[in-house]
Amino acid sequence: MVEASGILGVTLVALGMVLTPGPNMIYLVSRSITQGRRAGLISLGGVALGFMVYLVATNVGLSVVFVAVPELYVVVKLAGAGYLAYLAWNALRPGGLSVFDPQEVSRDSPRRLFTMGLMTNLLNPKIAIMYLSLIPQFIELDNGHLLLQGLVLGSFQIVVSVAVNLAIVLAAGTIAGFLARRPSWLKVQRYLMGGVLGVLAVSLAVDTSRPAAPS
């Protein structure tokens with residue numbers, strides 16, 4: 001049986017992480033602004049599937065693979081740090097653009113939107129860390145049914161993350177319009193998001209922790 005404290009803990013962790021600027025937020029906002037809410041919702045479907053892939057994979061033993069082959073974990077972590085650094089540079093470089101600054105981009109098909117949403121989430125280091133390191137901390141070994149506990153707790157994370165991202169998709173156009181009328185705010189938002197992404201990239205790159213072996 002899952003403890004209420006575990007559900008609350010996972011909910012708070014999921015809420016904190018989904019509100020932190022990252023690849024998922026950037027992709028969903030950019031698609032919602034440039035191609036409309038429908039495109040944002042299709043992309044969100046791909047993101048949601050990515051959460052489910054991580055949830056199932058982690059609970060059937062992905063953490064065991066990373067423990068057995070720590071080099072693989074390091075490669076995945078550094079790839080994620082590199083991706084975050086790339087996003088930070090795009091925001092902070094001279095002439096960089098805010099994620100809320102509409103740009104002309106090619107209109108992708110629903111299939112590509114869904115696939116890109118999926119891949120963006122699968123390559124998101126925040127999600128990998130959450131499923132491999134944070135959610136397991138709320139599993140009570142004495143309660144048994146470890147697989148069931150992991151699936152239930154992960155499901156709460158998915159619900160929170162999808163709900164917040166849905167609100168972001170629906171509000172992206174309004175936020176973009178608000179910031180467009182205030183250029184200085186748009187610049188502040190760009191520097192703030194770029195700085196946060198940069199800090200996350202450095203923190204991830206220098207982190208020496210490893211997934212703990214299952215008990």
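The values are calculated or read from the model by the stated rules, or taken from the named source; none is laboratory data. Everything numeric in this text was worked out from a predicted model, so none of it was measured. Protein only, heavy atoms only, side chains kept; ligands, DNA and RNA dropped before computing areas. Shrake-Rupley method; radii C 1.70, N 1.55, O 1.52, S 1.80 Å.
Is there a residue being over 23 Å from residue 31 (Cα atoms), outside any helix (DSSP H, G or I) and either over 14 Å from the mean Cα position of the chain (by Cα) or at pLDDT 70 or above (or both) anywhere in segment 145-159? Yes, because at least one residue in segment 145-159 is over 23 Å from residue 31 (Cα atoms), outside any helix (DSSP H, G or I) and either over 14 Å from the mean Cα position of the chain (by Cα) or at pLDDT 70 or above (or both).
Of the helices (runs of 4 or more DSSP H) lying entirely inside segment 51-143, those containing at least 3 residues that are at pLDDT 70 or above are 70-92, 110-122, 125-129.
Kindly provide the set of residues from segment 19-40 that are outside any helix (DSSP H, G or I) and either open to solvent by 30 Å² or more (accessible area, probe 1.4 Å) or not small (Gly, Ala, Ser) (or both), ordered by number. The answer is 19, 20, 21. Scanning segment 1-12 for residues that are open to solvent by 40 Å² or more (accessible area, probe 1.4 Å) and modelled with pLDDT under 80, which turns out nearest to residue 192 (Cα to Cα)? Top of the filtered list is 3.
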